[in-house]
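Trainee: The structure is given below, and queries will be raised subsequently.
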Amino acid sequence: MSNLQGPMAGRRQTPSARSSPGSQTSLRKRNQQRVVEALVKVGASTQADLARRTGLSTATISNIVSYMAKNGLVSLTPTTSSGRRAVSVQLLTHNGTVAAGIGFGRRHLRVVLVYPDYTIAAEENIVLPQKYDPREGFDLAKEILTRLLEQTGTSWEALSGVGVGISGSIDRRDQMPVIGTVWAEWAFVDVVVELEDRLGVPVVLDNDANLGSVAETIWGLHGAARNLVYLKVGSGIGAGLILNGQPFNGATGITGEVGHVQVVPDGQACRCGNRGCLEAEASTTAMLDRLRNVTPITTTEDLVKAVLEGDVAALRVIEDAGRLIGRVVGDLASILSPEVIVLGGPLASLGDILLEPVGRAFARHVLPLVRDSTSIVASTLDDRGEALGAAALVFHQAAVRVI
């Protein structure tokens, strides 16, 4: 893969310069993503096999494979298939380039390095103070990224780009966080420009739930799912959507904001300006607020530990939150009918303790057919999903720059 540095490095594209969701450029990007993911899942394949697995025409596959070979992403080896001459296509794991993914949580920062075949080269996670200044986070991210590049013997020139995930929606027209969905510290922060100035490589940005949904289809257990909902429950609540095998971002990027669906009329005030939103009633922040006056639990880590130890008050807030979450994802499933709903975020480690109340409420709010055809599971990626998905986003974006 060619390095992305060039005239656009460190520059913000205007909305007119970016591809629209239905543009030819966007279509090429999605098609290459399908080819890469097919090669990751099944290994070396002929072009005819790739056409069957992806549903793309042989001519489209030929063009994509030619591009990938030219840019060092795949190797091409003569072979035979059904007695005929063919070419075996195989992803190159270590082709000299990497992508970085950075996930900014409410109190944590994770940086990963990923090869083009989605092998993880290195990663590091650190805890941050509550309400940290995003710019201090950017400086720390650069320090960690520099350290990981040194550890893997990778030069900055080999870094194809950096993907970034934050909590809250991103307006795809200007790549700015949407006020009311992000924490106050991130309002009006131009993440792309700030990081491009520091790192000197192109930066792509999305919200953590969207990136989590992508990570689940690559590193999780749900690569075969064509319709998937990834629900991240943390200090905020949001959903990432995979529909018909592709990430769904809507017209402006503001999708999956289930955290701002009202579940309690005239309930707790929400940062979006409304009351009784799912996030205000069922996020980890809301749970800790409810426990503050009755237990010594003050952090999400404390909450998880207390729940696993059987603390009655902690179990009750999980039950109450699960009931509200199940109701909302039930409404979502009634509209989208996904094969699987993946619950991610810091509470995923609770497993059935969280899944059971969610599942009971879900079953009460959907048709029997939707209930029976939708699995509700916990993510196996811990808090790595957003950073991994961000790294994958770099490769997806890079494809359209030269194809």
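The values are calculated or read from the model by the stated rules, or taken from the named source; none is laboratory data. Small disclaimer: the values here were computed from a predicted structure and weren't measured. Here Cβ is always computed from backbone atoms with ideal geometry, including for glycine, and neighbour counts include all displayed protein chains. Side chains are part of the model used for accessible areas, which takes the heavy atoms of the whole protein and leaves out ligands, DNA and RNA. Shrake-Rupley method; radii C 1.70, N 1.55, O 1.52, S 1.80 Å.
Trainee: Collect the residues in the stretch 132-157 that are charged (D, E, K, R) and without any contact (Cβ under 8 Å) to a residue 60 or more places away in the chain, keeping them in residue-number order.
Mentor: Result: Asp133, Arg135, Glu136, Asp139, Lys142, Glu143, Arg147, Glu150.
Trainee: Which ones in the stretch 135-148 are closer than 23 Å to Val214 by Cβ and either among the hydrophobic types (A, V, I, L, M, F, W, C) or at pLDDT below 95 (or both)?
Mentor: Phe138, Ala141, Ile144, Leu145, Leu148, listed by residue number.
Trainee: In the list Leu355, Leu369, Leu343, Leu324, which residue meets the criterion of being out of contact with any helix residue (DSSP H, G or I) (no Cβ under 7 Å at 6 or more places or on another chain), surrounded by 17 or more Cβ atoms within 10 Å (Cβ to Cβ) and not in a loop (DSSP other than H, G, I, E, B)?
Mentor: After applying the criteria, what remains is Leu355.
Trainee: Go through the stretch 227-254 and count every residue that is small (Gly, Ala, Ser), on the phi < 0 side of the Ramachandran plot and open to solvent by less than 20 Å² (accessible area, probe 1.4 Å).
Mentor: So the answer is 5.
Trainee: Would you please name the residue that is farthest from Val112 (Cα to Cα), looking only at residues in the stretch 169-188 that are touching a residue at least 24 places away in the same chain (Cβ under 8 Å), open to solvent by 10 Å² or more (accessible area, probe 1.4 Å) and assigned to a loop (DSSP other than H, G, I, E, B)?
Mentor: Gly180
Trainee: Looking at Val164, Val189, which is the one that is out of contact with any Gly (no Cβ under 9 Å at 6 or more places or on another chain) and within 24 Å of Gln130 (Cβ to Cβ)?
Mentor: Val189
Trainee: State all residues of the stretch 105-149 that are polar (S, T, N, Q) and crowded, with 19+ Cβ neighbours inside 10 Å; if no residue qualifies, say none.
Mentor: none
Trainee: More than 23 Å from Ile218 (Cα to Cα) and modelled with pLDDT of 80 or more, is that true of Ala9?
Mentor: No.
Trainee: List pairs: first residue in the stretch 233-248 and under 30 Å from Asn31 (Cβ atoms), second residue part of a strand (DSSP E or B) and open to solvent by 20 Å² or more (accessible area, probe 1.4 Å) anywhere in the structure, Cβ distance under 9 angstrom, at least six positions apart or on different chains.
Mentor: Gly238/Lys232; Ala239/Lys232; Gly240/Lys232; Gly240/Pro247; Leu241/Pro247
Trainee: Inspect all residues belonging to the stretch 189-205 and state whether any of them is under 16 Å from the mean Cα position of the chain (by Cα), open to solvent by 10 Å² or more (accessible area, probe 1.4 Å), at pLDDT 90 or above and not hydroxyl-bearing (Ser, Thr, Tyr).
Mentor: Scanning the stretch 189-205 turns up at least one residue that is under 16 Å from the mean Cα position of the chain (by Cα), open to solvent by 10 Å² or more (accessible area, probe 1.4 Å), at pLDDT 90 or above and not hydroxyl-bearing (Ser, Thr, Tyr).
Trainee: Hey, any hits in the stretch 40-52 for a residue that's touching a strand residue (DSSP E or B) at 6+ places or on another chain (Cβ under 8 Å), part of a helix (DSSP H, G or I) and at pLDDT below 70?
Mentor: yes
Trainee: From the list Pro78, Pro129, which one is in a loop (DSSP other than H, G, I, E, B), of a type outside the set (Lys, Arg) and free of Cβ contacts under 8 Å to residues at least 40 places away in the same chain?
Mentor: Being in a loop (DSSP other than H, G, I, E, B), of a type outside the set (Lys, Arg) and free of Cβ contacts under 8 Å to residues at least 40 places away in the same chain holds for just one of Pro78, Pro129, which is Pro129.
Trainee: Would you pick out the residues in the stretch 255-295 that are open to solvent by less than 20 Å² (accessible area, probe 1.4 Å), in a loop (DSSP other than H, G, I, E, B), under 22 Å from Asp208 (Cβ atoms) and touching a residue at least 12 places away in the same chain (Cβ under 8 Å)?
Mentor: If the condition is that a residue be open to solvent by less than 20 Å² (accessible area, probe 1.4 Å), in a loop (DSSP other than H, G, I, E, B), under 22 Å from Asp208 (Cβ atoms) and touching a residue at least 12 places away in the same chain (Cβ under 8 Å), then Thr255, Gly256, Val263, Ser283 are the ones that fit.
Trainee: Being open to solvent by 20 Å² or more (accessible area, probe 1.4 Å), within 28 Å of the chain's Cα centre (by Cα) and over 17 Å from Thr217 (Cβ atoms) is the filter here, so list the residues in the stretch 37-48 that pass it.
Mentor: If the condition is that a residue be open to solvent by 20 Å² or more (accessible area, probe 1.4 Å), within 28 Å of the chain's Cα centre (by Cα) and over 17 Å from Thr217 (Cβ atoms), then Gly43, Ala44 are the ones that fit.
Trainee: Out of the residues in the stretch 372-385 that are modelled with pLDDT of 95 or more and assigned to a helix (DSSP H, G or I), which is most open to solvent (accessible area, probe 1.4 Å)?
Mentor: Asp372
Trainee: Further question: Quick check, is Ala333 open to solvent by less than 10 Å² (accessible area, probe 1.4 Å) and over 25 Å from Gly389 (Cα atoms)?
Mentor: no
Trainee: Which condition from (1) under 20 Å from His260 (Cα atoms); (2) open to solvent by 20 Å² or more (accessible area, probe 1.4 Å) is the one that His222 breaks?
Mentor: Unmet for His222, out of (1) under 20 Å from His260 (Cα atoms); (2) open to solvent by 20 Å² or more (accessible area, probe 1.4 Å): (1).
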